[in-house]
Amino acid sequence: MNPDKVRSLQEVVASVPEGAHVALGGFAVSGCPIAFVHEMIRQRRGRLTLSQAVGGMDTDLLVGAGLVDTLIFGGGSLDRAGLLNRVNEAILRGRVRVLEQSSLAITLRYHAGALGIPYIPTRTLLGSEMLEPLVEAGEAEVAEDPFEGQRIVRLRALRPDVAVLHVQMADRQGNCRILGPTWDNLEKARAARRTIVLTEELVDEEAFRRSPEGTVLSGLYVDAVVPLRFSAYPTACYRKYDYDFDHLRRYATLAQTEEGFAQYLEEYVLGTSDHEGYLHRVGEERLRDLVADPERGY
């Protein structure tokens, strides 16, 4: 019998050890595993190394809550809603160790991890001021192409302890469908030692068998499936719901100060007992307003 991988949010977060390397899915204001991040804050899972090609509100929340020691990322934002103010302040005040690199470099490093090789050769970052800090940190080195003699960069593979993705559909065995762009989600899931998936919809296995070509991530790579509606809110989920600009804008404004950020956390995270409590605080009417148009997908 195939294993049932459905777990509760509280259970999967409790399984993440202090000091773990966590790779977050999503991209700025789309597909961020917000429900997972909220529960990490409630359970105070800290001293994290966080990696992500493009950071969003999820990264900003964890850094602002003081749970991140090292940040490996290619930048990020809340798009037109604002900046990652908590990340920016942590960097300026030296509260977090940052290994900034291009999103391509991070994706290649995940890919090397997925292939089980120690590094991957590339020409990206040559000529960039981001290369030297990576070389000093032992995360990259400049070498000579043994075949043509040209300069190349060897990027150390990334093997996160845990990858956390948000998807539209998954079955109980962990087979996943991601509608729209996949960004670096597949590479990080295949590179990670464990992968946790938040899914908007838990689909019957037989439905996936009838059209297997739609499955982009095999359950072989997935360790736990957490079915949760609006688990990326207030970021978007293509073909499920749009992002909530007003909520993101209010967060960006409050997060300009430590006091404002603490107010946000108390109102939406620490002051709610779980994800359903958070959605109740947001309001069902607001959530209904964001449901995607079936023709446009957002």
What size of dipole, in debye to the nearest 20, comes out for region 161-230 about its Cα centre when the only charges are +1 on Lys and Arg C-beta atoms and -1 on Asp and Glu C-beta atoms?
-> 120 debye
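Enter the accessible area per residue of region 163-298 (Å², integer; probe 1.4 Å; all protein chains in place).
On the way: 6310 Å² over 136 residues.
Per-residue value: 46 Å².
How much of the accessible area of region 35-189, probe 1.4 Å, is carbon plus sulfur, in whole percent? Can you show the working numbers first?
On the way: 3000 of 6310 Å².
Answer for region 35-189: carbon and sulfur cover 48 percent of the accessible area.
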Between ALA224 and residues 5 or more places away or on another chain, the pairs with built amide H atoms under 5 Å apart involve THR195, VAL197
Kindly write out, for region 176-182 in residue order, the coupling ³J(HN,Hα) from the Karplus curve 6.51 cos²θ - 1.76 cosθ + 1.60 (θ = phi - 60°), rounded to whole Hz, with x marking Gly and Pro.
-> 10, 10, 10, 8, x, x, 9
Tabulate in residue order the Karplus-calculated ³J(HN,Hα) for region 13-28, using 6.51 cos²θ - 1.76 cosθ + 1.60 with θ = phi - 60°, rounded to whole Hz; enter x for Gly and Pro.
-> 5, 4, 7, 8, x, 4, x, 6, 8, 10, 9, 9, x, x, 7, 6
For region 149-199 versus region 2-35, the gap between their alpha-carbon centres in whole angstrom = 12 Å
Amide H to amide H under 5 Å from PHE27: which residues, 5+ apart in sequence or cross-chain, H placed 1.01 Å off N in plane?
-> CYS32
Are there trypsin sites (Lys or Arg not before Pro) in region 122-190 that DSSP marks as loop and that have at most 13 other Cβ atoms within 10 Å, and which are they?
-> ARG123
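With +1 on each Lys and Arg Cβ and -1 on each Asp and Glu Cβ, how big is the dipole of the chain about its Cα centre, in debye rounded to the nearest 20? Spell out each step's value before the answer.
Numbers: 34 positive and 43 negative charges, 82 e Å.
Magnitude of the dipole: close to 400 debye.
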Note, ³J(HN,Hα) from phi for region 117-122, Karplus 6.51, -1.76, 1.60, rounded to Hz, x at Gly and Pro | 9, x, 7, 9, x, 7
Expressed in square angstrom to the nearest 10, the accessible area of HIS111 with a 1.4 Å probe stands at 80 Å²
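In what sequence, highest mean first, do 70-77, 48-55 appear when ranked by Cβ atoms within 10 angstrom?
On the way: 70-77: 20.1, 48-55: 24.4.
Per-residue Cβ counts within 10 Å, averaged per peptide and sorted highest first, yield 48-55, 70-77.
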Amide proton proximity set for GLY76, modelled H, under 5 Å, gap of 5+ = GLY55
Looking at TYR264, GLY283, ALA232, which one has the Cα that reaches farthest to the positive end of the dipole of region 215-286 (charges on Cβ: Lys, Arg +1; Asp, Glu -1)?
-> ALA232
Take every Cα pair under 8 Å in the chain that's 6+ residues apart, average their separations, divide by the length, and report that relative contact order as a whole percent.
-> 20 percent
Based on Cβ point charges of +1 for Lys and Arg and -1 for Asp and Glu, what charge dipole magnitude is obtained for region 1-149 about its Cα centre, in debye rounded to the nearest 20?
-> 740 debye
So what does MET57 come to for accessible area, using a 1.4 Å probe and Å² rounded to 10?
-> 0 Å²
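Taking only protein heavy atoms into account and a 1.4 Å probe, give the accessible area per residue of region 1-155 in Å². Working shown, then result.
Numbers: 6680 Å² over 155 residues.
Accessible area per residue: 43 Å².
The values are calculated or read from the model by the stated rules, or taken from the named source; none is laboratory data. These numbers come from a predicted model, not from an experiment. All Cβ positions, glycine included, derive from the backbone under ideal geometry; neighbour counts span all protein chains shown. The area values use the complete protein model at the heavy-atom level, side chains included, leaving out ligands, DNA and RNA. Shrake-Rupley method; radii C 1.70, N 1.55, O 1.52, S 1.80 Å.
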